[in-house]
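The values are calculated or read from the model by the stated rules, or taken from the named source; none is laboratory data. Remember, it's a predicted structure, so these values are computed and weren't measured experimentally. We place every Cβ from the backbone using ideal geometry, glycine too, and count neighbours over all the protein chains shown.
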Amino acid sequence: MTLEQEIKQFAEHRNLEVGITTTEPFLELQQILIENNSDLQGFVEQDITKRIYPCKTMPEAKSIIVFAMGYGVRKKLQQCDTTLMGEFSIAAVATDYHIALKEHFKALEQFLKQKIEGFECKYFVDTGPLVDRAVAVRAGLGWIGKNNCVHTAKFGSLAFFGYMMTNLSLKQNKQIIGDCGSCKRCITFCPTGALSEKRFDMKKCISYLTQTKTVLSVDVMKTMSKQLYGCDVCQIVCPKNQKALQCFEQKQTSFSLEEMLHCSNKTFSQNISKTAAGWRGKKILQRNAVIALGNSGTIKALPLLEQALKDERELIRHTAIRAVYNLNIPEGFLMLKQIEKIEKSEEIKQELQIINKML
């Protein structure tokens with residue numbers, strides 16, 4: 001059995017898909033990385049040369065081993081009233097995949113160190129400089145679909161990726177050729193029009209929006225519905241994902257907006273921080289909860305929004321003003337007039353003055 005076969009067997013025993021590629025530069029990505037670099041600040045490595053040249057990170061690297069791990073979760077239908085509930089992506093409610101994949105790589109490292117003298121490696125799960133999707137495709141794990149995700153043979157596009165740079169000279173896998181054919185379901189059902197035949201507009205993607213750290217416009221907030229983190233629409237409607245979904249465990253993805261807003265640091269640490277959504281921090285998820293309240297369409301949201309309007313954090317207060325505006329009920333407008341009298345931030349007060357003159 002070759003070393004490549006042993007690595008494949010190792011992965012299969014852990015319910016992973018595996019691919020292997022070389023450390024040749026990803027020169028084909030240069031232009032698109034330049035175009036999108038500023039938009040991805042805070043999400044990815046800003047040194048574009050490190051994103052193109054693997055050896056900038058590990059000079060002695062000769063091969064890259066890539067793992068794909070399935071989401072393992074599908075949405076469980078909510079039986080109770082969902083009026084004041086927000087939604088997490090199915091990718092964000094299981095145990096944090098960053099931790100799980102790193103454990104798999106740690107085990108692979110130990111396995112290879114026992115077999116290969118002088119073995120060296122570096123492994124990354126969302127924290128490395130390379131473009132995970134590009135590495136996965138070149139490693140023969142899958143192909144890019146119209147939903148802008150990598151589709152693998154086993155998990156469809158419902159997969160997380162991580163990679164290990166090694167000083168081993170391994171045989172590269174053949175790339176998989178695949179396409180979506182005439183299917184356009186992901187494009188048709190995308191809530192914001194982020195997907196099209198021509199391009200993926202990242203700034204419209206709800207998953208991206210739920211992870212940004214700024215005050216969002218009232219129009220953008222409206223497009224986010226009640227998503228607290230991520231978005232599954234293009235994944236769930238994809239015909240190629242249905243087989244994988246049926247094999248995944250059903251899990252609740254809804255979360256009380258009130259509980260999110262009142263979530264203590266201790267509760268967040270014990271629960272949410274252990275999921276893939278935890279990395280973004282409590283404040284951003286609470287901002288998203290405020291946005292969801294504004295999109296709930298019910299007067300029941302007002303008491304929670306009133307609390308948010310008085311929050312000590314400007315991001316929450318500013319978002320709450322726009323959420324109340326989006327809620328579009330007279331009681332909310334009266335609340336904005338009252339809040340203008342006590343708001344301390346000049347920037348927020350100026351916006352309140354403009355809004356109240358319009359009402």
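Taking the stretch 304-343 as the range and being assigned to a helix (DSSP H, G or I) and without any contact (Cβ under 8 Å) to a residue 12 or more places away in the chain as the test, the residues that pass are 330, 334, 338. Of 337, 310, 282, 349, all but one fail to be at pLDDT 90 or above, under 17 Å from residue 227 (Cβ atoms) and touching a helix residue (DSSP H, G or I) at 6+ places or on another chain (Cβ under 8 Å); the exception is 282. Residues that are crowded, with 23+ Cβ neighbours inside 10 Å and in contact with a Lys or Arg (Cβ under 8 Å, 6 or more places away or on another chain) number at least 1 in the following strands (runs of 3 or more DSSP E) confined to the stretch 76-165: 85-88, 150-152. Filtered by the rule that a residue be touching a residue at least 60 places away in the same chain (Cβ under 8 Å) and of a type outside the set (Lys, Arg), the stretch 135-147 gives 135, 136, 139, 140, 141, 142, 145, 147. In the stretch 170-186, the condition of being surrounded by fewer than 17 Cβ atoms within 10 Å (Cβ to Cβ), assigned by TED's automatic domain parsing to the domain that holds residue 121 and either under 30 Å from residue 6 (Cα atoms) or not β-branched (Val, Ile, Thr) (or both) is met by no residue. Just checking, does the stretch 266-279 include any residue being more than 20 Å from residue 211 (Cα to Cα) and not hydroxyl-bearing (Ser, Thr, Tyr)? For the stretch 266-279, residues more than 20 Å from residue 211 (Cα to Cα) and not hydroxyl-bearing (Ser, Thr, Tyr): present. Within the stretch 85-116, the set of residues being under 19 Å from residue 10 (Cα atoms) and of a type in the set (D, E, K, R) comprises 102, 103, 106, 109, 113, 115. Residues in the stretch 5-36 that are touching a residue at least 24 places away in the same chain (Cβ under 8 Å) and among the β-branched types (Val, Ile, Thr): 7, 18, 20, 21, 22, 23. Scan the stretch 265-277 and give yes if some residue there is aromatic (Phe, Trp, Tyr), touching a helix residue (DSSP H, G or I) at 6+ places or on another chain (Cβ under 7 Å) and in a helix (DSSP H, G or I), otherwise no. Yes, the stretch 265-277 contains at least one residue that is aromatic (Phe, Trp, Tyr), touching a helix residue (DSSP H, G or I) at 6+ places or on another chain (Cβ under 7 Å) and in a helix (DSSP H, G or I).
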